[in-house]
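The values are calculated or read from the model by the stated rules, or taken from the named source; none is laboratory data. On a predicted model such as this, the values are computed, not experimentally measured, just so you know. No Cβ is skipped: glycine too gets one built from the backbone with ideal geometry, and neighbour counts run over all protein chains shown. Areas reflect the complete protein model, heavy atoms only, side chains present, ligands, DNA and RNA absent. Shrake-Rupley method; radii C 1.70, N 1.55, O 1.52, S 1.80 Å.
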Amino acid sequence: MQSDPAPYSRTGLSNERASWKRDPEGQQLSLDCATSWHNTGCKCSLSLYGAQSAAMDPAYTFELLDSQQVVGFQHLSYPIYRPQLRNAAQSGTLVAIGVSDGTRAVGLVLADHPRDSRLGVVLSLYVTPQYRRRGLGKTLFGLLGDELRRRGCFEAKASFMDGTPSTPGVERILSHHDWSQPLERVWVCTGTRESIVSLPWLQDLPLPEAFEMFPWNALRDDERQALLEQEAVAPGYPAILSPFREEHLLEPLNSLGLRYRGQVVGWLITHRIAPDTIRYTSLFVREELQALGRAIPLVARAIRLQLEDGGANKGTFAVLVQNRAMANFIHRRLAPHLASIRKSWESSLSVAHLGSSAASAGS
């Protein structure tokens with residue numbers, strides 16, 4: 001979750017508009033649609049508390065953003081999500097709620113709700129610095145909870161990084177809305193050209209004759225189809241390691257595949273998330289081959305390709321805390337050569353608590 005930078009349809013953003021405005025008594029936010037929801041003309045309201053909060057100020061408008069409006073808010077989210085925002089109508093899974101002060105966008109909360117899923121994932125929450133500590137972030141987060149519940153979510157999850165100026169604010173918002181106590185989930189590691197070039201195992205590590213390393217963009221159509229069919233039945237790896245996630249961001253420079261006796265058995269997929277940064281997103285080698293150390297040559301080759309290219313000076317990757325083998329590898333062989341290791345924390349909320357009186361706008 002970023003914390004620094006239809007008729008209404010369950011399939012995603014539509015061209016219809018919805019906005020939350022203060023009622024005449026100044027005690028509620030009411031959701032008004034340009035047309036009706038599900039042809040019922042329904043209106044839902046959300047109680048707010050704290051009369052001094054700027055979120056109660058009629059100058060602020062909270063809107064469920066359609067696929068055209070959301071483009072005007074894209075600068076309030078991570079660069080990695082901006083292509084998704086520009087193609088929001090096609091993706092059909094994004095939920096975006098923005099707040100403006102009448103002249104400009106000042107806050108955005110963004111979530112993903114995949115089709116046929118009961119889980120909503122908060123992607124980012126951002127309020128411009130001069131508008132913080134006015135209850136806008138809390139209100140956005142509460143409205144998002146209501147929206148996910150209306151879309152049929154049973155659970156919502158959010159993650160955030162530690163050690164940033166906005167971390168305490170994110171923790172206050174989660175606590176305010178009764179989300180679970182955050183648990184350590186992921187280590188996010190970053191290396192720079194200067195820190196990583198001294199790795200002693202970056203030399204070209206030979207592979208046995210039966211193995212072949214290849215550029216991922218050279219994957220054959222029949223191999224792609226076979227992997228997709230396998231994913232649909234019994235992939236042998238978690239969905240997060242699928243080589244086909246975020247294909248619009250695929251970095252051809254150093255995304256690699258591994259064949260064994262002509263069959264694809266592994267990959268290292270990277271994504272360009274900023275002009276100077278490549279994310280090492282998914283590393284997988286079939287379980288029966290992992291003990292042979294076949295993943296390390298993939299990593300070494302990918303890093304060398306990035307260093308030789310010279311276009312991206314930073315690389316980043318994330319490791320699940322429960323992956324003890326990889327965590328140990330980082331401590332033993334990578335940590336001295338990394339610029340930073342930061343922790344990502346995850347919090348969740350069940351459907352019973354999603355939304356309802358969620359948008360109480362305190363400090």
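Results, tabulated for the structure shown:
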quantity	calculated
Near pairs, Cβ below 6 angstrom, 6+ apart or cross-chain, from region 58-80 (farther than 12 Å from I97 by Cβ and part of a loop (DSSP other than H, G, I, E, B)) to any residue that is open to solvent by 50 Å² or more (accessible area, probe 1.4 Å) and of a type outside the set (A, V, I, L, M, F, W, C)	P58/R22; A59/G102
Every residue from region 247-276 that is of a type in the set (G, A, S) and touching a strand residue (DSSP E or B) at 6+ places or on another chain (Cβ under 7 Å)	S255, G257, G266
Condition broken by G135, with the remaining ones in (1) surrounded by fewer than 17 Cβ atoms within 10 Å (Cβ to Cβ); (2) at positive phi satisfied	(1)
Residue list for region 183-199, restricted to those being among the polar types (S, T, N, Q) and assigned to a helix (DSSP H, G or I)	S195
Test: residue in region 243-260 that is at negative phi, small (G, A, S) and open to solvent by 40 Å² or more (accessible area, probe 1.4 Å)	no
T190, sole failed condition from (1) closer than 16 Å to F317 by Cα; (2) touching a helix residue (DSSP H, G or I) at 6+ places or on another chain (Cβ under 6 Å)	(2)
Some residue of region 120-136 being farther than 28 Å from P243 by Cα and within 16 Å of the chain's Cα centre (by Cα)	yes
Where L140 falls short, out of the listed (1) open to solvent by 60 Å² or more (accessible area, probe 1.4 Å); (2) touching a Phe, Trp or Tyr at 6+ places or on another chain (Cβ under 8 Å)	(1)
Qualifying residue in region 147-168 (condition: among the aliphatic types (A, V, I, L, M), assigned to a strand (DSSP E or B), at pLDDT 90 or above and open to solvent by 10 Å² or more (accessible area, probe 1.4 Å))	no
Inter-residue pairs, beta-carbon under 6 Å, first modelled with pLDDT under 95 and in region 201-221, second exposed (fewer than 10 other Cβ atoms within 10 Å of the Cβ) and not polar (S, T, N, Q), 6+ apart	A210/R261
Residues that are more than 23 Å from the chain's Cα centre (by Cα) and over 20 Å from G315 (Cα atoms), drawn from region 237-262	L258, R259, Y260, R261, G262
Members of region 314-351 found to be over 18 Å from L241 (Cα atoms) and out of contact with any strand residue (DSSP E or B) (no Cβ under 8 Å at 6 or more places or on another chain), listed by number	N328, F329, H331, R332, R333, P336
Residue in region 200-230 that is farthest from L268 (Cα to Cα), counting only those that are in contact with a strand residue (DSSP E or B) (Cβ under 8 Å, 6 or more places away or on another chain) and not in a helix (DSSP H, G or I)	A210
Unmet criterion (only one of (1) over 24 Å from F73 (Cβ atoms); (2) touching a Gly at 6+ places or on another chain (Cβ under 9 Å)) for V186	(2)
Candidates V109, V121 - the one that is touching a helix residue (DSSP H, G or I) at 6+ places or on another chain (Cβ under 8 Å) and assigned to a strand (DSSP E or B)	V109
Region 169-215 - residue that is within 26 Å of the chain's Cα centre (by Cα) and aromatic (F, W, Y) and, of those, surrounded by the fewest Cβ atoms within 10 Å (Cβ to Cβ)	W187
